[in-house]
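A.B. asks: Please find one structure pasted underneath; my questions will follow.
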Amino acid sequence: MVRRVSILGATGSVGQNTIDLIARAPGEYEVVALTGASNIAQLAEDARRLNAQVAVTADAARLEDLRAALAGSGVQAAAGQAALEEAASRPADWVMSAIVGAAGLKPGLCALEQGAVLALANKESLVCAGALILSTARRHDTHLLPVDSEHSAVFQGLVGEDMATVERIIITASGGAFRDWPLEALEHATLAEASSHPNWDMGQRITIDSASMFNKALELIETKEYFGVRPDQIETVIHPESLIHAIVGFVDGGLMAHVGPPDMRHAIGYALHYPERRDLPVARLDLPQIAQLTFREPDLRRYPALRLARAVMERGGLSGAVFNAAKERALDAFIAGHIGFLEMAEIVEEVLTRFDAETGRIDAEMTLDNVMQTDHLARERADQVMAERAG
Ligand code: NAD
Ligand code: MG
């Protein structure tokens, strides 16, 4: 049976890996929508090659460019936020959510509302609005499949298991670009240095978030939301080889570790073919050659984001939306060269503190409107904090 698939964030790192898998078995899929933002040439090329129904750029000003690039192809061109949501709402069986940031939340909800299975790379959705996204899936009789490598690993470790027997979930972390840097040097870390990952090839934002471990912080919150475990059941360990992606610990003391090469096509392919397992074009590990796997405790002075993630998990409510929004603004400012690497965590912490004290909003009901408004206000607060520090 031909499956209808859409890819939100098709031009990004996860989106391109998803297209790689789909393009290998063209007869099996009907591509409904591909979406991107600024990379019009890539979007149009893939939409033509996969014969998509519609290609959408999130950037409304690029509609004419996209139209021109798709001329004569039969693929519809559309642009802007409303078009993005319309495309995500088109009937499909499986939708990849691979937009980066909170911008992925609304389109992901649209996909769930039309009943699609949502393959979720966009961890920010769960961090900002975990309960909302899970209840939306239930209401429309569908479900999410994790695509983040750690969460796919946990998911695979839980097949056939009773959640009541899960004692702990251990999320591994590579430690990012600066894991071996002296602490004093971090203050002066540059954008170029933060933008290279020792093991994974990913988009720029998540790569910098790996160096600061804001990515791991998001993933700890994602674990709590997706698997419904308590914060004290979630651990993280530095594992520089990035070969064990996560470990599930059970009440009998057994640990189930998921081991595989650092290639997102494994987790994407698992979500694409679930519940089947299919041959995937990823490297096979040669264990004698790898020889050893190592682990160490994360240093909270090096990675303050991990401490903040704990606070957010304990606080609950809309604090995840505040955390993510402040992080996105601080990351924008670091990329723009306005603040230093270590300032990102300081700013996020300050926004979390102020938000709780000033607005009492964190305990508001988790509706889409409240989440979006909180996201907006937290960005404003982050900008205020940065302006105060600069002045
Ligand atoms: P990326 O930056 O390579 O791609 C992001 C995609 O989102 C692009 O298609 C871009 O056009 C689109 N986009 C950006 N801003 C947008 C906006 N405002 N509105 C609509 N579309 C927008 O990112 P990535 O590395 O592929 O990551 C995508 C998501 O997957 C993120 O949530 C990330 O945390 C998660 N993730 C990525 C990896 C990885 O290997 N790259 C692994 C695990 C999880
Ligand atoms: Mg991950």
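A.B. asks: Once you've got the GNM for the chain with C-alpha springs shorter than 10 Å, pick whichever of G176, G72, G269 has the biggest mean-square fluctuation.
C.D. replies: G72
A.B. asks: Quick check: residue separation of M1 and R49 times 0.36 nm, minus the Cα distance between them. What number comes out in nm? Spell out each step's value before the answer.
C.D. replies: On the way: separation 48, 0.36 × 48 = 17.28 nm, distance 2.06 nm.
Difference between extended and current length: 15.2 nm.
A.B. asks: Using only DSSP helix segments of four residues or longer, with each worth -39500 (n - 2.57), what per-residue ellipticity at 222 nm results for the chain after dividing by its residue count and rounding to 500? Write down the numbers at each step before the final one.
C.D. replies: Details: 16 runs with 183 residues, N = 391.
It lands at -14500 deg cm²/dmol.
A.B. asks: Could you tell me what percent of the DSSP beta bridges with both partners in the chain are antiparallel, to the nearest 5?
C.D. replies: Values: 11 of 39 bridges.
In the chain, DSSP labels about 30 percent of beta bridges as antiparallel.
A.B. asks: I'd like the FRET efficiency for A68 and A164, computed as 1/(1 + (r/R0)^6) with the beta carbon distance as r and R0 of 51 Å, rounded to 0.05. Each step should come with its number before you reach the end.
C.D. replies: On the way: r = 57 Å, r/R0 = 1.12.
Between A68 and A164 the formula returns 0.35.
A.B. asks: Here is a follow-up. Pick from E380, E161, E86: which is most flexible by mean-square fluctuation in a GNM of the chain where alpha carbon atoms under 10 Å apart are linked?
C.D. replies: E161
A.B. asks: In whole angstrom, how far apart do the alpha carbon centroids of segment 328-370 and segment 185-212 sit?
C.D. replies: 20 Å
A.B. asks: Over all distinct alpha-carbon pairs, what is the Kirkwood Rh of the chain in angstrom? All intermediate terms of the calculation are to be shown ahead of the outcome.
C.D. replies: Working: mean 1/r = 0.0467 Å⁻¹.
In the chain this quantity evaluates to 21.4 Å.
A.B. asks: Determine, for each peptide in 25-33, 56-64, 303-311, the mean count of other beta carbons within 10 angstrom over its residues, then list the peptides with the highest first. Before the final figure, lay out each step's value.
C.D. replies: Values: 25-33: 16.8, 56-64: 18.3, 303-311: 20.1.
Per-residue mean Cβ counts within 10 Å order the peptides as 303-311, 56-64, 25-33.
A.B. asks: Can you figure out the FRET efficiency of E30 with A82, using R₀ = 22 Å and their beta-carbon distance, to the nearest 0.05? Numbers along the way, then the final one.
C.D. replies: Numbers: r = 24 Å, r/R0 = 1.08.
Calculated transfer efficiency: 0.40.
A.B. asks: Now for a separate question. For the chain, what's the relative contact order in percent, using C-alpha pairs closer than 8 Å and at least 6 residues apart? Intermediate results must be reported in sequence, preceding the final value.
C.D. replies: Values: 725 pairs, mean separation 53.7, N = 391.
About 14 percent, as a whole number.
A.B. asks: Sorted by mean Cβ packing within 10 Å, highest first, what order do the peptides 101-113, 42-54 take? Could you put the intermediate results ahead of the total?
C.D. replies: Values: 101-113: 23.4, 42-54: 20.5.
Descending mean neighbour count gives 101-113, 42-54.
A.B. asks: Tell me, what is the FRET efficiency for T294 and R230 to the nearest 0.05, using R0 = 45 angstrom and their Cβ-Cβ distance as r?
C.D. replies: Numbers: r = 28 Å, r/R0 = 0.62.
FRET efficiency, T294 to R230: 0.95.
A.B. asks: What does the charge dipole of segment 151-290 about its Cα centre add up to, to the nearest 20 debye, if the Cβ of each Lys and Arg holds +1 and the Cβ of each Asp and Glu holds -1? Don't skip to the answer; put the middle values down first.
C.D. replies: On the way: 10 positive and 20 negative charges, 57 e Å.
Dipole size: approximately 280 debye.
A.B. asks: Considering only C-alpha atoms, what is the centroid distance from segment 1-80 to segment 227-255, in Å?
C.D. replies: Centre-to-centre distance over Cα atoms comes out at 36 Å.
A.B. asks: Please check: in the Gaussian network model of the chain (C-alpha springs, under 10 Å), which one of L331, L191, L145 has the largest mean-square fluctuation.
C.D. replies: L191
A.B. asks: Separate question: If one computes the Cα centroid of segment 275-319 and of segment 161-182, what distance in Å separates the two points?
C.D. replies: Between the Cα centre of segment 275-319 and that of segment 161-182, the gap is 4 Å.
A.B. asks: How many Lys pairs in the chain lie less than 17 angstrom apart by Cα atoms, where the lysines are 8 or more positions apart or on different chains? Mind showing how you got there, number by number?
C.D. replies: On the way: K106/K123; K123/K216; K123/K224; K123/K327; K216/K224; K216/K327.
For the chain, qualifying lysine pairs total 6.
Read the figures in this text as sums done on the coordinates, not as results from a lab. Predicted, not measured: the structure shown is a model, and the values here were computed from it. Every residue, glycine among them, receives a Cβ derived from its backbone with ideal geometry; neighbour counts consider all protein chains shown.
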